[in-house]
Amino acid sequence: MRKKKKNIFYDRAMKKNIHFIVLAGGLQVGNTSLLIPHSLIPLGHHPMVCILIKTLLQWDNVHVHVLVSDSHETLFRREMRRWFPEKPVHVFASTGQTTSQSILEFLKEKTWAPDHAIHIVQSNLPLLSKHALEHFMHVSAPLTSAVLGVNKTKWNEDRTLRNLVVLDGVVTSIEKSNFTHLGFLACCKFPVSLLLEHLPHCQDYYEMVERCEEKPWLVELKSYPIELDSITVRTAGDKTYAEHKFMEKEHADYLSQCYCIWKECRSMQARIEKLEERLKN
(Lines give C-alpha, C1' and ligand atoms only; values in the text may rest on other atoms or scores of the structure.)
Protein backbone atom coordinates (compact mmCIF):
# COMPACT_ATOMS: atom_id res chain seq x y z
CA MET A 1 0.00 0.00 0.00
CA ARG A 2 1.42 3.37 -1.07
CA LYS A 3 2.08 5.86 1.68
CA LYS A 4 0.67 9.33 1.32
CA LYS A 5 3.37 11.84 0.43
CA LYS A 6 3.92 14.37 3.19
CA ASN A 7 4.24 18.11 2.72
CA ILE A 8 7.67 18.76 4.26
CA PHE A 9 7.12 22.53 4.23
CA TYR A 10 3.81 22.12 6.05
CA ASP A 11 5.38 19.86 8.69
CA ARG A 12 8.12 22.43 9.29
CA ALA A 13 5.62 25.29 9.43
CA MET A 14 3.56 23.47 12.05
CA LYS A 15 6.62 23.20 14.31
CA LYS A 16 7.23 26.95 14.16
CA ASN A 17 5.18 29.64 15.84
CA ILE A 18 2.26 30.57 13.59
CA HIS A 19 0.91 34.09 13.88
CA PHE A 20 -2.67 34.92 12.94
CA ILE A 21 -3.90 38.50 12.80
CA VAL A 22 -7.66 38.71 13.38
CA LEU A 23 -9.15 41.99 12.19
CA ALA A 24 -11.86 42.83 14.73
CA GLY A 25 -12.15 46.60 14.65
CA GLY A 26 -15.26 46.82 12.47
CA LEU A 27 -18.41 48.80 13.18
CA GLN A 28 -21.69 47.46 14.50
CA VAL A 29 -24.18 45.75 12.18
CA GLY A 30 -27.82 46.67 11.62
CA ASN A 31 -29.02 47.84 15.03
CA THR A 32 -27.01 50.93 15.96
CA SER A 33 -28.33 50.78 19.52
CA LEU A 34 -26.01 47.86 20.26
CA LEU A 35 -23.24 49.07 22.52
CA ILE A 36 -20.75 46.39 21.45
CA PRO A 37 -18.34 46.14 18.49
CA HIS A 38 -19.43 44.18 15.44
CA SER A 39 -17.06 41.25 16.12
CA LEU A 40 -18.45 40.74 19.65
CA ILE A 41 -22.04 40.33 18.48
CA PRO A 42 -23.07 36.87 19.73
CA LEU A 43 -24.03 33.87 17.62
CA GLY A 44 -25.74 31.52 20.05
CA HIS A 45 -24.07 33.14 23.10
CA HIS A 46 -20.63 32.94 21.42
CA PRO A 47 -19.12 36.24 20.25
CA MET A 48 -18.37 36.02 16.53
CA VAL A 49 -14.66 36.64 16.92
CA CYS A 50 -14.40 33.98 19.64
CA ILE A 51 -15.89 31.33 17.33
CA LEU A 52 -13.13 32.05 14.82
CA ILE A 53 -10.40 32.19 17.48
CA LYS A 54 -11.49 28.79 18.86
CA THR A 55 -10.91 27.34 15.39
CA LEU A 56 -7.46 28.95 15.12
CA LEU A 57 -6.41 27.64 18.53
CA GLN A 58 -6.95 24.01 17.51
CA TRP A 59 -3.33 23.94 16.31
CA ASP A 60 -0.21 23.92 18.43
CA ASN A 61 2.25 26.82 18.30
CA VAL A 62 -0.45 29.28 17.23
CA HIS A 63 -0.50 32.87 18.46
CA VAL A 64 -3.61 34.93 17.78
CA HIS A 65 -3.36 38.72 17.63
CA VAL A 66 -6.73 40.48 17.73
CA LEU A 67 -6.55 43.95 16.21
CA VAL A 68 -9.21 46.22 17.71
CA SER A 69 -10.05 49.89 17.95
CA ASP A 70 -8.32 51.60 20.86
CA SER A 71 -11.72 52.71 22.22
CA HIS A 72 -12.72 49.03 22.63
CA GLU A 73 -9.46 47.73 24.10
CA THR A 74 -10.77 47.20 27.66
CA LEU A 75 -13.87 45.40 26.43
CA PHE A 76 -11.89 43.02 24.22
CA ARG A 77 -9.28 42.27 26.87
CA ARG A 78 -12.04 41.33 29.30
CA GLU A 79 -13.74 39.08 26.75
CA MET A 80 -10.48 37.36 25.77
CA ARG A 81 -9.68 36.66 29.43
CA ARG A 82 -13.17 35.25 29.89
CA TRP A 83 -13.12 32.95 26.86
CA PHE A 84 -9.39 32.14 26.60
CA PRO A 85 -7.85 32.58 30.07
CA GLU A 86 -4.75 30.44 29.40
CA LYS A 87 -4.43 30.67 25.62
CA PRO A 88 -1.99 32.72 23.47
CA VAL A 89 -4.56 35.34 22.46
CA HIS A 90 -3.23 38.90 22.40
CA VAL A 91 -5.23 42.11 22.00
CA PHE A 92 -3.65 44.99 20.10
CA ALA A 93 -5.37 48.36 20.33
CA SER A 94 -4.91 50.43 17.19
CA THR A 95 -5.57 54.08 16.47
CA GLY A 96 -5.69 53.40 12.72
CA GLN A 97 -8.81 54.33 10.78
CA THR A 98 -8.36 51.60 8.14
CA THR A 99 -7.30 47.95 8.15
CA SER A 100 -4.04 48.88 6.44
CA GLN A 101 -3.17 51.46 9.09
CA SER A 102 -4.01 49.05 11.91
CA ILE A 103 -1.88 46.21 10.54
CA LEU A 104 0.98 48.61 9.80
CA GLU A 105 0.87 50.01 13.35
CA PHE A 106 0.91 46.46 14.72
CA LEU A 107 3.87 45.32 12.60
CA LYS A 108 5.96 48.38 13.46
CA GLU A 109 5.60 47.54 17.14
CA LYS A 110 6.50 43.85 16.64
CA THR A 111 9.63 44.43 14.51
CA TRP A 112 9.58 40.90 13.09
CA ALA A 113 12.02 39.68 10.44
CA PRO A 114 11.17 40.71 6.83
CA ASP A 115 10.58 37.10 5.74
CA HIS A 116 8.32 36.32 8.71
CA ALA A 117 4.97 34.97 7.46
CA ILE A 118 1.74 36.55 8.69
CA HIS A 119 -1.72 35.03 8.28
CA ILE A 120 -4.60 37.53 8.18
CA VAL A 121 -8.27 36.64 8.77
CA GLN A 122 -11.41 38.72 9.38
CA SER A 123 -13.86 38.35 12.24
CA ASN A 124 -16.89 38.79 9.95
CA LEU A 125 -16.30 35.26 8.60
CA PRO A 126 -16.69 33.53 11.97
CA LEU A 127 -17.58 30.06 10.64
CA LEU A 128 -14.38 29.54 8.66
CA SER A 129 -13.67 25.89 9.43
CA LYS A 130 -10.56 24.09 10.56
CA HIS A 131 -10.72 22.05 7.36
CA ALA A 132 -10.59 25.21 5.23
CA LEU A 133 -7.75 26.75 7.25
CA GLU A 134 -5.79 23.50 7.36
CA HIS A 135 -6.10 23.18 3.58
CA PHE A 136 -4.91 26.77 3.16
CA MET A 137 -1.92 26.34 5.47
CA HIS A 138 -0.99 23.00 3.88
CA VAL A 139 -0.99 24.35 0.31
CA SER A 140 0.52 27.74 1.15
CA ALA A 141 3.34 26.38 3.34
CA PRO A 142 6.03 26.55 0.60
CA LEU A 143 4.62 29.78 -0.90
CA THR A 144 5.72 33.31 -0.10
CA SER A 145 2.17 34.65 -0.25
CA ALA A 146 -1.26 33.17 -0.89
CA VAL A 147 -4.98 33.97 -0.86
CA LEU A 148 -7.89 31.65 0.00
CA GLY A 149 -10.78 31.56 -2.46
CA VAL A 150 -13.95 29.56 -3.06
CA ASN A 151 -15.91 28.70 -6.22
CA LYS A 152 -19.32 30.20 -6.79
CA THR A 153 -22.06 27.55 -6.74
CA LYS A 154 -25.77 27.37 -6.03
CA TRP A 155 -24.89 26.83 -2.36
CA ASN A 156 -23.17 30.20 -1.91
CA GLU A 157 -24.34 32.38 -4.81
CA ASP A 158 -26.07 34.83 -2.44
CA ARG A 159 -22.96 35.45 -0.30
CA THR A 160 -21.31 38.87 -0.27
CA LEU A 161 -17.72 37.81 -0.89
CA ARG A 162 -15.16 40.04 -2.62
CA ASN A 163 -14.42 39.10 -6.20
CA LEU A 164 -11.03 37.48 -6.98
CA VAL A 165 -9.36 38.21 -10.32
CA VAL A 166 -7.15 35.21 -11.11
CA LEU A 167 -4.69 34.68 -13.96
CA ASP A 168 -2.69 31.44 -14.37
CA GLY A 169 -3.21 30.40 -10.77
CA VAL A 170 -2.25 33.71 -9.15
CA VAL A 171 -4.50 36.44 -7.74
CA THR A 172 -3.97 39.70 -9.59
CA SER A 173 -6.47 41.71 -7.53
CA ILE A 174 -9.23 41.49 -4.92
CA GLU A 175 -12.13 43.69 -5.95
CA LYS A 176 -14.71 45.36 -3.72
CA SER A 177 -17.53 44.15 -5.96
CA ASN A 178 -19.42 40.91 -5.21
CA PHE A 179 -17.87 37.75 -6.62
CA THR A 180 -18.81 36.33 -10.01
CA HIS A 181 -16.74 33.13 -10.14
CA LEU A 182 -14.23 33.06 -7.29
CA GLY A 183 -14.86 34.68 -3.90
CA PHE A 184 -12.31 35.89 -1.32
CA LEU A 185 -12.65 34.03 1.99
CA ALA A 186 -10.77 36.76 3.88
CA CYS A 187 -7.78 34.57 4.65
CA CYS A 188 -4.35 35.34 3.24
CA LYS A 189 -0.65 34.97 3.91
CA PHE A 190 2.02 37.63 3.33
CA PRO A 191 5.60 38.17 4.49
CA VAL A 192 6.26 41.18 6.71
CA SER A 193 8.42 42.83 4.01
CA LEU A 194 5.54 43.01 1.50
CA LEU A 195 3.11 44.30 4.11
CA LEU A 196 5.46 47.07 5.22
CA GLU A 197 6.14 48.06 1.62
CA HIS A 198 2.57 48.27 0.32
CA LEU A 199 0.23 48.90 3.27
CA PRO A 200 1.12 52.63 3.55
CA HIS A 201 -0.41 53.14 0.09
CA CYS A 202 -3.63 51.16 0.67
CA GLN A 203 -6.87 51.72 2.52
CA ASP A 204 -7.99 48.08 2.81
CA TYR A 205 -5.18 45.61 3.35
CA TYR A 206 -6.22 43.38 0.44
CA GLU A 207 -5.71 46.26 -2.01
CA MET A 208 -1.98 45.58 -1.78
CA VAL A 209 -2.44 42.47 -3.97
CA GLU A 210 -2.87 44.74 -6.99
CA ARG A 211 0.34 46.61 -6.12
CA CYS A 212 2.56 43.57 -5.58
CA GLU A 213 4.91 42.69 -8.43
CA GLU A 214 4.92 39.04 -7.34
CA LYS A 215 1.26 38.13 -7.03
CA PRO A 216 0.00 35.72 -4.33
CA TRP A 217 -1.04 32.22 -5.34
CA LEU A 218 -4.66 31.17 -5.20
CA VAL A 219 -5.50 28.42 -2.73
CA GLU A 220 -8.88 27.18 -3.90
CA LEU A 221 -11.40 25.67 -1.53
CA LYS A 222 -13.89 23.38 -3.21
CA SER A 223 -17.54 24.13 -2.52
CA TYR A 224 -19.69 21.86 -0.40
CA PRO A 225 -23.48 21.84 0.13
CA ILE A 226 -23.27 23.29 3.67
CA GLU A 227 -20.89 26.16 2.81
CA LEU A 228 -20.42 27.46 6.35
CA ASP A 229 -17.01 28.83 5.42
CA SER A 230 -18.40 31.49 3.09
CA ILE A 231 -20.99 32.97 5.47
CA THR A 232 -20.13 36.65 5.84
CA VAL A 233 -21.78 38.67 8.62
CA ARG A 234 -22.30 42.27 7.52
CA THR A 235 -25.99 42.90 8.16
CA ALA A 236 -28.56 41.93 10.79
CA GLY A 237 -29.98 39.40 8.30
CA ASP A 238 -26.53 37.84 7.85
CA LYS A 239 -26.22 37.59 11.63
CA THR A 240 -29.52 35.71 11.97
CA TYR A 241 -28.63 33.29 9.17
CA ALA A 242 -25.12 32.66 10.54
CA GLU A 243 -26.53 32.08 14.03
CA HIS A 244 -28.97 29.46 12.75
CA LYS A 245 -26.25 27.65 10.83
CA PHE A 246 -23.85 27.82 13.77
CA MET A 247 -26.43 26.40 16.17
CA GLU A 248 -27.28 23.61 13.70
CA LYS A 249 -23.61 22.69 13.61
CA GLU A 250 -23.30 22.86 17.40
CA HIS A 251 -26.32 20.57 17.83
CA ALA A 252 -24.99 18.13 15.23
CA ASP A 253 -21.60 18.01 16.99
CA TYR A 254 -23.33 17.49 20.35
CA LEU A 255 -25.44 14.61 19.02
CA SER A 256 -22.34 13.06 17.45
CA GLN A 257 -20.51 13.22 20.77
CA CYS A 258 -23.51 11.70 22.58
CA TYR A 259 -23.61 8.85 20.05
CA CYS A 260 -19.88 8.19 20.49
CA ILE A 261 -20.28 8.09 24.31
CA TRP A 262 -23.29 5.77 23.98
CA LYS A 263 -21.34 3.48 21.66
CA GLU A 264 -18.41 3.33 24.10
CA CYS A 265 -20.78 2.55 26.99
CA ARG A 266 -22.38 -0.27 25.00
CA SER A 267 -18.93 -1.66 24.21
CA MET A 268 -17.87 -1.51 27.88
CA GLN A 269 -21.15 -3.14 28.95
CA ALA A 270 -20.57 -5.99 26.49
CA ARG A 271 -17.05 -6.55 27.86
CA ILE A 272 -18.30 -6.57 31.45
CA GLU A 273 -20.97 -9.14 30.56
CA LYS A 274 -18.33 -11.38 28.94
CA LEU A 275 -16.11 -11.12 32.02
CA GLU A 276 -19.04 -11.97 34.30
CA GLU A 277 -19.81 -15.06 32.20
CA ARG A 278 -16.19 -16.21 32.40
CA LEU A 279 -16.15 -15.72 36.17
CA LYS A 280 -19.33 -17.81 36.51
CA ASN A 281 -17.78 -20.61 34.47
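The values are calculated or read from the model by the stated rules, or taken from the named source; none is laboratory data. Everything quoted here is computed from the prediction, not taken from an experiment. FYI the Cβ positions are ideal-geometry reconstructions off the backbone, even for glycines, and counts take in every protein chain you see.
Cβ-Cβ contacts under 9 Å between residues 6 or more apart (or on different chains), taken from a first residue in the stretch 98-113 that is free of Cβ contacts under 8 Å to residues at least 12 places away in the same chain and crowded, with 16+ Cβ neighbours inside 10 Å to a second residue that is acidic (Asp, Glu) and part of a loop (DSSP other than H, G, I, E, B), are absent.
Cβ separations smaller than 9 Å between residues 6+ apart or across chains give no pair from the stretch 262-280 residues that are exposed (fewer than 10 other Cβ atoms within 10 Å of the Cβ) to residues that are at pLDDT 85 or above. The set of residues in the stretch 188-214 being at pLDDT 95 or above and not in a helix (DSSP H, G or I) consists of 188, 189, 190, 191. The residues listed here are 209, 192; of these, the one that is hydrophobic (A, V, I, L, M, F, W, C), in contact with an Asp or Glu (Cβ under 8 Å, 6 or more places away or on another chain) and closer than 30 Å to residue 116 by Cβ is 192.
Condition test on residue 186, is it surrounded by 19 or more Cβ atoms within 10 Å (Cβ to Cβ), closer than 20 Å to residue 25 by Cα and of a type in the set (Gly, Ala, Ser)? Taking the combined requirement at face value, the residue satisfies it.
Given the criteria among the acidic types (Asp, Glu), surrounded by 19 or more Cβ atoms within 10 Å (Cβ to Cβ) and either over 19 Å from the mean Cα position of the chain (by Cα) or not in a helix (DSSP H, G or I) (or both), does residue 253 qualify? So residue 253 fails the test.
In the stretch 203-225, the condition of being touching a Ser or Thr at 6+ places or on another chain (Cβ under 8 Å), polar (S, T, N, Q) and over 18 Å from residue 148 (Cα atoms) is met by at least one residue. Of everything listed in (1) in contact with a helix residue (DSSP H, G or I) (Cβ under 8 Å, 6 or more places away or on another chain); (2) in contact (Cβ under 8 Å) with a residue 60 or more places away in the chain, the single unmet condition for residue 149 is (1).
Taken together, 227, 243, 207, 220 contain a single residue that is charged (D, E, K, R), surrounded by 16 or more Cβ atoms within 10 Å (Cβ to Cβ), more than 21 Å from residue 141 (Cβ to Cβ) and under 16 Å from the mean Cα position of the chain (by Cα), which is 227.
A residue that is aromatic (Phe, Trp, Tyr) and farther than 22 Å from residue 97 by Cα occurs nowhere in the stretch 191-206. Is it the case that the stretch 157-165 has a residue that's in a strand (DSSP E or B) and more than 19 Å from the chain's Cα centre (by Cα)? Yes, that holds for at least one residue. Evaluated against (1) at pLDDT below 95; (2) closer than 13 Å to residue 220 by Cβ; (3) small (Gly, Ala, Ser), residue 141 falls short on exactly one condition, (2). Restricting attention to the stretch 168-223, the residues being of a type in the set (Asp, Glu), in contact with a strand residue (DSSP E or B) (Cβ under 9 Å, 6 or more places away or on another chain) and without any contact (Cβ under 8 Å) to a residue 24 or more places away in the chain number 1.
Filter the stretch 173-183 down to the residues that are hydroxyl-bearing (Ser, Thr, Tyr) and surrounded by 15 or more Cβ atoms within 10 Å (Cβ to Cβ) and list them by number. Lay out the reasoning, then the answer.
Pass one, the stretch 173-183, residues hydroxyl-bearing (Ser, Thr, Tyr): 173, 177, 180.
Once the filter is applied, which keeps residues that are hydroxyl-bearing (Ser, Thr, Tyr) and surrounded by 15 or more Cβ atoms within 10 Å (Cβ to Cβ), the stretch 173-183 yields only 173.
For first residues located in the stretch 16-31 and assigned to a loop (DSSP other than H, G, I, E, B), partners that are of a type outside the set (A, V, I, L, M) and modelled with pLDDT under 75 and lie 6+ apart or on another chain with Cβ distances below 7 Å do not occur. Considering (1) under 24 Å from residue 67 (Cβ atoms); (2) surrounded by fewer than 23 Cβ atoms within 10 Å (Cβ to Cβ), the lone condition that residue 165 does not fulfil carries the number (1).
Any residue that is touching a helix residue (DSSP H, G or I) at 6+ places or on another chain (Cβ under 8 Å) and either exposed (fewer than 11 other Cβ atoms within 10 Å of the Cβ) or not in a helix (DSSP H, G or I) (or both) - is there at least one of those in the stretch 232-239? Yes, because at least one residue in the stretch 232-239 is touching a helix residue (DSSP H, G or I) at 6+ places or on another chain (Cβ under 8 Å) and either exposed (fewer than 11 other Cβ atoms within 10 Å of the Cβ) or not in a helix (DSSP H, G or I) (or both).
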